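Encoded as structure tokens, the structure appears first; notes follow it.
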Amino acid sequence: MINKVEWPGYSGMTIGQKDFLALSDYSSFEIKSLLKDAMELKQMQKSGIPHPYLQGKVLGMIFEKSSTRTRISFEVGMLQLGGHAIFLSSKDIQLGRGESISDTAKVLSRYVDGIMVRTFGHDKIKEFAENATVPVINGLTDLHHPCQVLADLLTILEHKGTLNGLKLCYIGDGNNNMTHSLMEGAAKVGMEVAIASPNGYEPNKEITESVKVIAKQNGRQLTLTNDPKQAIQDADVVITDVWASMGMESEVEARMKDFEGYQVNDELCSLAKKDYIFLHCLPAHRGEEVTGSIIDGPHSVVFDEAENRLHAQKAILKALMGKSY
Ligand code: CP
Ligand code: NVA
């Protein structure tokens, strides 16, 4: 891993946005600044230097779906920043019994300094953010997973020393949260992006159009194809995700058939650059979207990636909750 990365983002810059819902809301410079801050926070934590930027602040965390990494990394991150996090399962709060999103957002804003939400429809988190007077952070919706992708960019940067000009290839379900956030984040930082997905599983059209414009502005391209061999050719970074995301359980059987030929395996990865790295947001299904030989092999950086959730999210928390509203 490259330890010292020269990176042009300005650490400690003021982020203009109240919320962190999608990477499309953030400029390339803001994303790079968050990455720079994440690297500094990681360095401080590894060196045992206290960094209580959020002393006494409280993060509420609403989960409507299961989580291992997101819950734990946010909770630990808040503790390391001198604050506290409260886990709120939607099953146990009145939201799960029909209390409105707007009332929940308004009430929570009177108690806590920031709210992380993991939910289904992206419109729900948007409504939540519109009604909350404190920052709202997207901990995953059906459409986006921006915290994960900030951690992915941090991981790529640490391993490759740069992001600009690298080719990122994603193979699998094109119409899911990871693909959309990866497309937005990678295009914003100047990467080539190639997505290979089966017919009927292409990324959201609106996001595709806006990412094409961003890529073009940076002199890069977004390629969508049904051919995984074409997408992975000379890739620096290979990524996949589960074939059936949370909430898609009834489609598992059909999807297993539809995604045949889209498994990330040794044969496919032989077409990537020799020094490619493999990422997966986890949880993974070995033998489905990826073979054990790849995810547990020498090119895999999935546990660095999981660790980086902590450091990337601390940068987001510090940027959004370190100021008053
Ligand atoms: N990658 C990720 O978001 O993991 P969890 O679902 O465990 O939070
Ligand atoms: N696409 C996956 C990501 C899990 C972190 C899902 O939504 O289930």
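A few points about this structure:
- Of every Cα-Cα pair in the range 107-198, the percent that sits beyond 24 Å: 32
- With 29 Å as the limit, the listed pairs Lys124/Lys216; Lys124/Lys167; Lys126/Lys318; Lys188/Lys257; Lys32/Lys212; Lys57/Lys124 have Lys124/Lys216; Lys124/Lys167; Lys188/Lys257 beyond it between alpha carbons.
- Table column - 3J(HN,Hα) (Hz), the range 29-39, Karplus curve with 6.51, -1.76, 1.60, x for Gly and Pro: 5, 5, 5, 5, 5, 5, 5, 5, 5, 4, 5
- The range 1-157 has equivalent-ellipsoid semi-axes of 28, 17, 14 Å, by the square roots of 5 times the alpha carbon gyration tensor eigenvalues, sorted largest first.
- As a size descriptor, the averaged projected area of the C-alpha convex hull of the range 228-293 was calculated at 4.5 nm².
- Anisotropy class of the range 177-325 from Cα gyration tensor, a/c 1.5 cut: rounded
- Close amide H contacts of Ala85 (hydrogens built in the peptide plane, cut-off under 5 Å, sequence separation of 5 or more or a different chain): Leu59.
- Estimated inter-spin distance, Ser27 and Ser250, nm [label 7 Å along Cα→Cβ]: 4.5
- Extension gain from Phe87 to Ser102, taking 0.36 nm per residue of separation minus the Cα-Cα distance: 3.5 nm
- In order through the range 205-210: 3J(HN,Hα) via Karplus (6.51 cos²θ - 1.76 cosθ + 1.60), integer Hz, x for Gly, Pro: 5, 4, 5, 4, 4, 5
- P(r), alpha carbons of the range 166-221 - 10 Å bins starting at zero, rounded %: 27, 60, 13
- Rg to Rh quotient for the range 31-97, alpha carbon positions, Kirkwood Rh: 1.07
- GNM flexibility winner over the chain from Gln230, Gln43, Gln313 (Cα, springs under 10 Å): Gln43
- The range 301-309 - phi-based ³J(HN,Hα) in whole Hz, Karplus 6.51/-1.76/1.60, Gly and Pro as x: 10, 5, 7, 4, 4, 5, 4, 5, 3
- Difference of contour (0.36 nm per residue) and Cα-Cα distance, Asp234 to Asn218: 3.8 nm
- Note: relative contact order over the chain, using C-alpha pairs below 8 Å and six or more positions apart, is 20 percent.
- Ellipsoid semi-axes in whole angstrom, largest first, where each is sqrt(5λ) of the Cα gyration tensor of the chain: 31, 23, 18
- Springs join every pair of Cα atoms under 10 Å in this Gaussian network model of the chain, and among Leu268, Leu222, Leu163 the largest mean-square fluctuation is at Leu268.
- In plain terms, the bigger the Kirkwood radius, the slower the diffusion; for the range 72-111, with that radius from Cα pairs, at 25 °C and 0.890 mPa s, Stokes-Einstein puts D at 213 µm²/s.
Where a number appears in this text, it was derived from the coordinates with a stated rule and is not lab data. Note that the structure is predicted; figures quoted are calculated from it, not measured. Glycine also receives a Cβ, built like all others from the backbone with ideal geometry; neighbour counts cover every protein chain displayed.
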